[in-house]
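Report on the structure given below.
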Amino acid sequence: MASNPWDVMRELSAMHDRMNRMWGHLNERGQEDVTSRGTWLPPVDIYESEGREIVLKAELPGLKREHIDLTVENNTLTIRGERRREDGIPEDRYHRLERSHGTFSRSFTLPHTVDSGRVKAEYRDGILTVTLPMREEARPRQIPVELSE
């Protein structure tokens with residue numbers, strides 16, 4: 001059993017995504033922070049680094065760098081791309097076809113503390129890493145307390 005309510009919600013969300021993939025379509029998710037559309041859905045991890053940057057890592061195996069489109073607009077980070085089938089193999093030759101192919105699009109609402117002008121992205125070994133630095137004014141700052149007499 002999950003130890004806290006967030007673990008339960010994470011498990012329910014993962015189960016929802018698996019059901020959508022199993023039945024071949026993705027339901028509209030309404031006004032959530034994370035939306036997804038496409039024929040397949042690459043998994044994504046998002047965390048805050050020690051340097052107070054938000055880091056997003058997306059698994060995009062088999063994609064070429066030129067097939068990935070990354071944009072930041074109106075506090076929304078969008079990753080789009082396409083994983084293509086291998087050329088020259090007719091569909092009737094396949095005995096088993098488990099890897100998803102086609103287009104995808106994932107969008108994430110960014111907090112206002114992110115400095116969208118300094119976003120960096122790196123693609124290596126099928127992993128897209130997007131680093132979203134915080135604005136300087138959003139970083140905690142130590143305020144000295146003076147002794148008054």
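Since every read-out is calculated from the coordinates, none of them should be taken as a lab result. Quantities reported herein were computed from a predicted structural model and do not represent experimental measurements. Every residue, glycine as well, gets a Cβ built from its backbone with ideal geometry; the counts of neighbours run over all protein chains shown.
Looking at the range 62-139, the GluC sites (Glu not before Pro) that sit in a DSSP loop and have at most 12 other Cβ atoms within 10 Å of their own Cβ are E86, E98.
Per-residue Karplus couplings for the range 72-83, computed as 6.51 cos²θ - 1.76 cosθ + 1.60 with θ equal to phi - 60°, are listed in order as 10, 8, 6, 6, 10, 9, 10, 10, 10, x, 8, 9 Hz, Gly and Pro entered as x. Remark: I143, I54 ranked as I143, I54, counting other beta-carbon atoms within 10 Å and listing the fewest first.
For the range 40-70, trypsin sites (Lys or Arg not before Pro) are listed when DSSP marks them as loop and at most 15 other Cβ atoms sit within 10 Å of their Cβ; the list is R52, K64.
Working note: Karplus 6.51/-1.76/1.60 with θ = phi - 60° gives the range 62-69 the couplings x, 8, 8, 3, 6, 9, 10, 10 Hz, where Gly and Pro are set to x.
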